[in-house]
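Student: Could you have a look at this structure, given as structure tokens, before my questions?
The values are calculated or read from the model by the stated rules, or taken from the named source; none is laboratory data. In this text, all values refer to a predicted model and were calculated from it rather than measured experimentally. In this analysis, Cβ positions are derived from the backbone assuming ideal geometry, glycine residues included, and neighbour counts consider all displayed protein chains. Note: areas computed on protein heavy atoms with side chains; ligands, DNA, RNA excluded. Shrake-Rupley method; radii C 1.70, N 1.55, O 1.52, S 1.80 Å.
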Amino acid sequence: MGTKASLIGRTLGLTITVLGVIALLPGGAYSKAITEIIDSTGDGGGNTLDSPRGIAVDGSGNVYVTGASSSNALKIDPNSLITEIIDATGDGAGNPLTAPEHHPVAVDAAGNVYVSGAGTDNAFKIDPNSVITEIIDSTGDGAGNALDAPEGIAVDGLGSVYVTGFGSDNVFKIDPNGVISEIMDSTGDGTGNALARPADIAIDASGNVYVSGWASYNAFKIDPNGVISELIDSTGDGAGNTLNRTFGIAVDGLGNVYVGGWVTNNAFKIDPNGVVTEIIDATGDGAGNPLTATFDVAVDGSGGVFVAGDGSYNVFSIDPNGLITEIIDASGDGGNPLERAEAIAVDGLGNVYVAGFQSDNAFMIQFCGDGLPDTGEECDDGNNVGGDGCSASCLSEPTPNIPVVPRAGLILFAALLLGTSIWMIQRRLRFRT
């Protein structure tokens, strides 16, 4: 028995060693580049940015940031050219814009931008030709359902726009023809689960609308037929992790909904079957970087979730396996600080954008090593290892004389080695019996 055990130990030892070395190789983590894309000077031409609380990005890489105190919205194009697209005069026809507050900006596939004004009880559309139109005002639907202090705004694939009335406890839909309908009011789902202070709104590809209730500690789904369902309430996951002051809400391509709890310093996932899971809590990444006052949540196209900490001045990423990483902190880009992270957006390349409410700025976070050649990267070969033709910072480098074996190749080699080892053990044991 001792001889057999020794044989197994010696044979598997080499395999385990190789697997261990591969597990320690770089390539599982990404390096990142953080860039401040706008600061309090705004466009540099006198149109400043003050207290940004909204950020959005379109399919062409244009970023839009709203200033709650400067009552405006600015566009940053991929070449870093900054332009103010709307100011306090609103449409210039007597309908002003004041205080675009929480989650007040959205953009559609045609390049139309939508901005809500909490102080003026209205919302605007800015088309690609810079024509500004007021699309809803304090009269709401004009049938007695008023709009007060609109905050969250979103647009679906058909061009319908949705606005939450933070002060009027309701939600409106404005269709492409300008027809306005109240699709939800303070009664919530009509079965006793009320809606109070709706702060944010999201829409999925099927036309389902999702609304967070800041003062009712809950979130709802409104399907295309108008059926309203409460998805989560103050009990959170029902296992002791509660939800208090629901702010941000987002939905991914699989129908998973994510909400953040501002007072409870956490975020939850609600899957399509209604299963609720707390995905991050006040401990943040569990490595000393806490999460305080969750303000916004966002998702990417690969199952990643991003959570902004208003009180902890940071943003976390949560990968599909639940791994939590702090991707930006109060130091911002190392020279320009991030203070009170209140809005997040993610583009199609996986770049993350965050607005600093108190630092009057916004940042772009790019990841090297994700296999996607982002703006500013000359290459991205899926790792952050240099010496293989693409540097650790995703810049092209001379092709090395000695090829570097890809991580995937090493894993395949280890699997073959393990299989060979098992075969050798079985063969030798047969000869010894």
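Student: Label-point separation (nm) for D148 and V275, each offset 7 Å from Cα along Cα-to-Cβ?
Tutor: 4.2 nm
Student: Here is a follow-up. Can you order the peptides 61-67, 288-294, 315-321 by their average number of other Cβ atoms within 10 Å per residue, highest first?
Tutor: 61-67, 288-294, 315-321
Student: With labels modelled as points extended 7 Å from the Cα through the Cβ direction, what inter-label distance (nm, one decimal) is found for A93 paired with S69?
Tutor: 3.3 nm
Student: Let me ask another. Let me check I have the definition right: for the range 40-86, take the eigenvalues of the Cα gyration tensor, multiply each by 5, take square roots. What are those semi-axes in whole Å, largest first?
Tutor: Those come to 17, 12, 7 Å.
Student: Within the accessible area of the range 80-155, what % is carbon and sulfur when the probe is 1.4 Å and the other protein chains stay in place?
Tutor: So the carbon and sulfur contribution to the accessible surface is 48 percent.
Student: Subtract the Cα-Cα distance of S234 and E378 from 0.36 nm times their separation in residues, and report this length gain in nm to one decimal.
Tutor: Once the chain is fully extended between S234 and E378, it gains 47.1 nm.
Student: Once each part is reduced to its C-alpha centroid, what is the distance from the range 129-156 to the range 305-328 in angstrom?
Tutor: Distance between centres, Cα-based: 32 Å.
Student: Could you pull out the pairs from K125/K221; K75/K221; K32/K221 whose alpha carbons sit more than 27 Å apart here?
Tutor: The pairs that break the limit, which is 27 Å between Cα atoms, are K75/K221; K32/K221.
Student: Could I ask something else about it? Hey, can you rank 159-169, 124-134 by average C-beta count inside 10 Å, highest first?
Tutor: So the peptides 159-169, 124-134, ranked by packing, come out 159-169, 124-134.
Student: So how much slack lies between T139 and A109, counting 0.36 nm per residue of separation and subtracting their Cα-Cα distance, in nm?
Tutor: Taking 0.36 nm per residue and subtracting the Cα distance, the gain is 8.0 nm.
Student: Kindly state, to the nearest 0.05, the FRET efficiency for A215 paired with S396, given R0 = 45 Å and r defined as their beta-carbon distance.
Tutor: In this case the efficiency is close to 0.30.
Student: Tell me the carbon and sulfur percent of the accessible area for the range 269-384, rounded to whole percent, probe radius 1.4 Å.
Tutor: 48 percent
Student: Just to be sure I understand the model, the point goes 7 Å from the Cα along the line to the Cβ. What's the resulting D77 to T41 distance in nm?
Tutor: That separation, rounded to one decimal, is 2.0 nm.
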